[in-house]
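Remarks on the structure that follows.
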Amino acid sequence: MAYHTRSNSFPSRLHPLIQEVDEHLCRLRSSEATSTSSSSISHKLSVLQDLLDCVNRFLQLQGTQQALAQEQQQKWDNELLDGSLRLLDICSTTKDSLSESKECIQDLQSIIRRKRGGENGLTSEVRKYLSSRKMVKKSIVKALGNLKAMENRSPFSSANKDQETIAIVSKLRDVEGVTLKVFESMLSFIAGTKLKPSSWSLVSKIVQSKRIACDEEPKLNEFAEVDVSLKSLKISDNAQNQLTNLESCIQDLEEGLESLFRQLIKNRASLLNILSH
């Protein structure tokens with residue numbers, strides 16, 4: 001999808017906000033190839049928050065509302081509203097995956113602090129953690145499959161619509177597409193690697209193969225570091241430090257995701273308000 005800093009289809013009064021939307025879109029697209037460390041993910045979430053806030057301000061403009069309201073069609077309305085609902089769904093799924101991972105980490109850390117059951121007790125808890133990670137990754141693979149289906153939706157029908165409306169709807173679809181990409185990065189971060197929707201076998205290899213772990217070690221993010229450290233089923237000092245660091249990373253990301261979720265709800269409410277008139 002080509003990037004344009006400005007569309008001549010928009011009236012001049014809308015140009016400043018459209019340009020701001022495009023700048024945020026460009027920043028997010030340029031960050032797609034960057035690493036999936038917690039810092040890079042946090043940066044993407046921050047830029048996405050700014051983008052979605054800008055979109056909501058754009059939706060409040062009288063010109064935007066008039067253009068969308070005067071061209072209402074059932075199929076087109078449903079496309080925009082369904083898209084906003086899909087974003088809420090994938091955001092909720094991402095929040096759940098992160099929350100479940102955090103709970104597993106906290107349970108393991110609690111056992112470590114109490115040293116309950118001695119070494120055998122710790123081994124059992126590590127096995128539980130690794131088992132829960134497999135389940136999280138499996139759900140992420142499924143979520144990525146659903147996300148890919150969202151990305152491959154057919155273009156909206158532009159018949160009988162004026163150029164301004166086409167430009168506005170296209171911009172909203174651009175925002176939706178970039179938002180999905182950010183959530184894809186987020187899910188890959190939680191999984192600890194770049195996953196494909198159909199590659200559950202790859203997930204197994206990530207958990208079981210020492211060779212792959214060794215090869216990927218320079219590129220491991222915080223989740224993957226813990227996974228690799230715990231494969232021995234023992235808790236080293238390094239593993240404890242990594243668990244503490246990962247819990248801190250998750251806390252920061254949870255706050256960012258919660259803020260995004262609220263913004264997505266606000267943007268959907270704005271669309272509903274426009275399209276219900």
Measuring from label point to label point, each 7 Å out along Cα→Cβ, what is the Asn245 to Gln66 span in nm? 5.6
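Ordered by packing density, taken as the mean number of other Cβ atoms within 10 Å over each peptide's residues, highest first, how do 58-68, 167-177 rank? Spell out each step's value before the answer.
Working: 58-68: 17.3, 167-177: 20.1.
Going from most to least packed, we get 167-177, 58-68.
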How do the peptides 251-257, 185-191, 231-237, 87-93 rank, highest first, by the average count of neighbouring beta carbon atoms within 10 Å per residue? 185-191, 87-93, 251-257, 231-237
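Would you mind calculating the gained length between Lys142 and Ser232 on full extension (0.36 nm times residue separation, minus the Cα-Cα distance), in nm to one decimal?
On the way: separation 90, 0.36 × 90 = 32.40 nm, distance 2.80 nm.
Separation in residues times 0.36 nm, less the Cα-Cα distance, equals 29.6 nm.
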Using a simple spin-label model with points 7 Å from Cα along the Cα→Cβ vector, what separation in nm is obtained for Ala269 and Ser46? 2.7
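Read-outs: derived from the displayed coordinates by stated rules, not from any lab. Only a predicted model underlies this, so the values are computations on that prediction, with no experimental measurement involved. Note that we place each Cβ from the backbone using ideal geometry, even for glycine, and neighbour counts take in every protein chain shown.
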